[in-house]
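S.K.: I have a structure I would like to understand better, so I am pasting it below and will then ask my questions one at a time.
The values are calculated or read from the model by the stated rules, or taken from the named source; none is laboratory data. Note that the structure is a prediction, hence the values are computed from the model and not measured. Methodologically, a virtual Cβ is constructed for each residue, glycine included, from the backbone with ideal geometry; neighbour enumeration extends over all protein chains shown.
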Amino acid sequence: MPQQAHRFHKPIIVLKQADLPYLLHQPDRSSDSGAKWPLILFLHGRDQRGNDVEQLKIRGLPRIAEDNPAFPFIVLAPQCPSYYIWPMVFDGITALLDEVIASCPVDPERIFVTGLSMGGYGAWDLAMEYPERFAGVVPVCGSGSPERIGRLRDVQVWAFHGTRDEVVPVEEARELISALGDCGGNGRLTEYPEGGHAIWEEAYATEELYSWFFRQRKAVGVE
């Protein structure tokens, strides 16, 4: 019998298993048990991938939270598996984020994502993929897709970059912030004229950044 051509068409459900180690910092709630706190999702760089969350305390917001138990934000820091990049675990990250929002005193209007280096790429990409989830995004020495920047029109953006970065050229951050402005968005870029790639210590030591986090709210009508 001659071969016959057919097409299979049927809805299917695919289940995925999320398995992400993470650190979670919560401010002391003893003085105000009814308070809702801003949440910052922190995405680490390439060198902290693996299965040892203690590595996450080396730099960035987990280090700040470790040194300052009163740090007035909920900080969620998942760990990316070895040999993965952040977009490969976005489903797990969003599921984890939902779990933390449901179980912790999170202000749903003040949820942010930030990251450094590989995590800076991840912060751009995650915010572009799910702009309705975030009030703001703070990429540090990362880059993203100018073609998708319009998705962040209603999300506040503050990027940090070293002018002498030889890993991720500063021109990429400039292009993204410029394109965001061209489409009606609100972005700012802090450059470090003598800075190379590793400018995250200076970026996360910026006191104004944390006042900025407190001021932002998710755009009205963004769901």
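S.K.: Could you grab me the full set of residues in the range 143-178 that are without any contact (Cβ under 8 Å) to a residue 24 or more places away in the chain and of a type in the set (A, V, I, L, M)?
M.R.: Across the range 143-178, the qualifying residues are VAL170, ILE177.
S.K.: Residue by residue through the range 52-89, note down the ones that are in contact with a Pro (Cβ under 6 Å, 6 or more places away or on another chain) and either assigned to a helix (DSSP H, G or I) or loosely packed, with under 13 Cβ neighbours inside 10 Å (or both).
M.R.: Scanning the range 52-89 gives VAL53, LEU56.
S.K.: Between PRO38, PRO62, which is farther than 15 Å from GLY119 by Cβ, modelled with pLDDT of 80 or more and not aromatic (Phe, Trp, Tyr)?
M.R.: Result of the check over PRO38, PRO62: PRO38.
S.K.: Being among the aromatic types (Phe, Trp, Tyr) and closer than 17 Å to PHE134 by Cα narrows it down to one of TYR210, TYR204, so name that one.
M.R.: Exactly one of TYR210, TYR204 is among the aromatic types (Phe, Trp, Tyr) and closer than 17 Å to PHE134 by Cα, namely TYR210.
S.K.: Across the range 150-209, what is the total count of residues that are touching a Phe, Trp or Tyr at 6+ places or on another chain (Cβ under 6 Å), among the hydrophobic types (A, V, I, L, M, F, W, C) and farther than 22 Å from ARG46 by Cα?
M.R.: Within the range 150-209, residues that are touching a Phe, Trp or Tyr at 6+ places or on another chain (Cβ under 6 Å), among the hydrophobic types (A, V, I, L, M, F, W, C) and farther than 22 Å from ARG46 by Cα number 1.
S.K.: Given the criterion at pLDDT below 95 and either within 24 Å of ILE64 (Cβ to Cβ) or acidic (Asp, Glu) (or both), identify the matching residue among GLU166, GLU223, GLU175.
M.R.: Answer to the selection: GLU223.
S.K.: Restricting attention to the range 90-113, and to residues there that are part of a strand (DSSP E or B) and among the hydrophobic types (A, V, I, L, M, F, W, C), which single residue is surrounded by the most Cβ atoms within 10 Å (Cβ to Cβ)?
M.R.: Among those that are part of a strand (DSSP E or B) and among the hydrophobic types (A, V, I, L, M, F, W, C), it is VAL113.
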